[in-house]
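Data first, discussion second: the structure below is written as structure tokens.
The values are calculated or read from the model by the stated rules, or taken from the named source; none is laboratory data. Source: prediction; values computed, not measured. Quick reminder, even Gly has a Cβ in these numbers, built from the backbone with ideal geometry, and neighbours come from all protein chains shown. Ligands, DNA and RNA are stripped out before the accessible areas are found, and what is left, the full protein with its side chains, is counted by its heavy atoms. Shrake-Rupley method; radii C 1.70, N 1.55, O 1.52, S 1.80 Å.
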Amino acid sequence: MDPRGRPVYKEWTPWPAWIQIVFWGTMLLALGAVVLSPGEPAQGRITGALLLALLAVAVQWLFVGLSVRLYRDDLVVGLGTAGLISKRVAYDDILSTKSVRYSPLMDFGGWGVRRRGKKRAWTARGNEAVVLDLADGIHLYVGSEHPHRLEERIVAVGGTRIGSKTPGDT
């Protein structure tokens with residue numbers, strides 16, 4: 001259980017379907033190669049196939065998709081279901097929010113966890129995000145399939161704490 005308690009709001013953005021198809025297609029081909037490898041004892045092939053399947057599930061659980069969870073005091077954006085790679089942002093550190101359309105390829109060189117100058121992006125797909133202008137001068141793009149709804153929820157949960165600092169405050 002997260003020490004913050006239950007999220008007030010959660011949003012999940014999966015990677016595009018074509019990435020899932022390529023990933024699982026590659027895993028199935030690799031599993032087939034392991035299972036059908038000549039000269040290997042059956043026990044070794046089964047063990048190899050199980051390890052490869054576990055690896056595929058672990059990669060899927062740890063890295064695939066983008067989660068945004070809003071808690072009472074902060075928001076957490078992270079990769080995968082587990083949120084092992086994540087970023088926490090206190091509402092007190094948010095100066096302003098804005099729903100935007102942008103170009104992930106032109107602005108950041110693609111999707112995922114990216115940075116370019118004072119801009120940071122956590123995205124899974126699409127070209128819409130909520131930009132959080134932070135007190136440390138960073139512009140954090142949080143990818144969303146429903147950016148207006150996410151922005152409304154951030155403002156509703158963050159309340160008067162959003163915009164309470166001035167730029168440069170940390």
Review point. So who's got an amide H within less than 5 Å of the one on Val113, skipping anything under 5 residues away but keeping other chains? H placed 1.01 Å off N, in plane.
Key: Thr123
Revision key, fill the gap. Phi-derived 3J(HN,Hα) across the stretch 90-104 with the Karplus relation (6.51, -1.76, 1.60, θ = phi - 60°), rounded Hz, x for Gly and Pro, is 6, 4, 4, 8, 8, 7, 7, 10, 7, 7, 9, 9, 8, 10, x
**Study point:** Simple label model, 7 Å out from Cα along Cβ direction - Asp107 to Arg72, nm
**Key:** 3.3
Review point. Whose amide H sits under 5 Å from the amide H of Tyr9, counting only residues 5 or more places off or on another chain, with H placed in the peptide plane?
Key: Leu70
Practice item. Please give the contour-minus-distance gain from Ala156 to Val35: 0.36 nm per residue of separation, less the Cα-Cα distance, rounded to one decimal in nm. Key: 38.3 nm
Exercise for review: Pairs of Cα atoms under 8 Å, at least six residues apart: use those to get the relative contact order of the chain, whole percent.
Suggested key: 20
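Pulled fully out, how much extra length does the chain show between Ile19 and Ala58, if you take 0.36 nm times their separation in residues and subtract their Cα-Cα distance?
Values: separation 39, 0.36 × 39 = 14.04 nm, distance 1.60 nm.
Here the answer is 12.4 nm.
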Check your understanding: Between the stretch 115-170 and the stretch 54-82, what is the C-alpha centre distance in whole Å?
Key -> 18
Check your understanding: How big is the accessible area of Tyr9 in square angstrom, nearest 10, if you roll a 1.4 angstrom probe over the protein chains?
Key -> 30
Study note, to complete from the structure: Taking Cα atoms only, helix 42-63 is inclined relative to the longest principal axis of the chain by an angle, in degrees rounded to 10, of 10
Check your understanding: Quick one: Karplus J couplings for the stretch 150-158, per residue in order, coefficients 6.51, -1.76, 1.60, θ = phi - 60°, nearest Hz, x for Gly and Pro?
Key -> 4, 4, 4, 5, 4, 5, 5, 6, x
Practice item. Taking all pairs of distinct Cα atoms, average 1/r, flip it, and tell me the Kirkwood hydrodynamic radius of the chain in Å to one decimal place. Key: 17.8
